[in-house]
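Nothing in this text is a laboratory measurement; each read-out follows from the coordinates by a stated rule. As the structure is a computational prediction, the values presented were derived from the model and not from experiment. Backbone-built Cβ (ideal geometry, glycine too); neighbour counts: all protein chains shown.
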Amino acid sequence: MPVKKPSPQAISQRATVLAAMCEGESTIHALADCRDVRRNLDVVAALGVPLRATGPASITVTGRHPSSWRASGLTLDAGNSATTSRLLVAVLVAVRLSGRVEDDRAGGGTAPAHRATPGELARLGRSWTSVLHLSLLQGVLGYVQYFTGVPILLVLTHMLFAALLAVALTLGTLNLYRNPV
């Protein structure tokens, strides 16, 4: 049975959002040239993440922690790009839920030396355990969808858990920022 790979458009959108979340510069090559990817780039730039064209289908993203993203007073309009909407809503909700409103790094330098307490390590473990459980559940739902002809209720459940997985991944990542291992 052949496996269908994700579209270049979906990969371009995910790569841009992930690069925006990573501190430092990331260069993305072979970006898909389509409306949804351009909308994705516009939304990421409107959040204050610097983007620079480095070639005909390449950009350099200077990422930083999502808690430092700020909308520039513009409406964040992802158009019909469901991938952009799901990813960014999940990231922004997770940042809000984590209680991180401002970046806790003084002067934008490196994180202060910090040894995680047992409670912090337990929270970190719970964060990544939930990522594992949601990933497994997503896999089961995906296989059931594939082999049963995709009933609509299952598709909606799959989309809900995809959003929850994105939130869990972001929370886990934020806990790593807070508690470097």
Over what distance in Å are the Cα centres of the stretch 136-170 and the stretch 12-57 separated?
26
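Which loop trypsin sites (Lys or Arg not before Pro) in the stretch 47-86, with loop taken from DSSP, have no more than 13 other Cβ atoms within 10 angstrom of their Cβ? Walk me through the numbers before you get to the answer.
Working: sites: 52, 64, 70, 86; in loops: 64, 70.
Here the trypsin sites (Lys or Arg not before Pro) that fit, given the DSSP loop and packing criteria, are 70.
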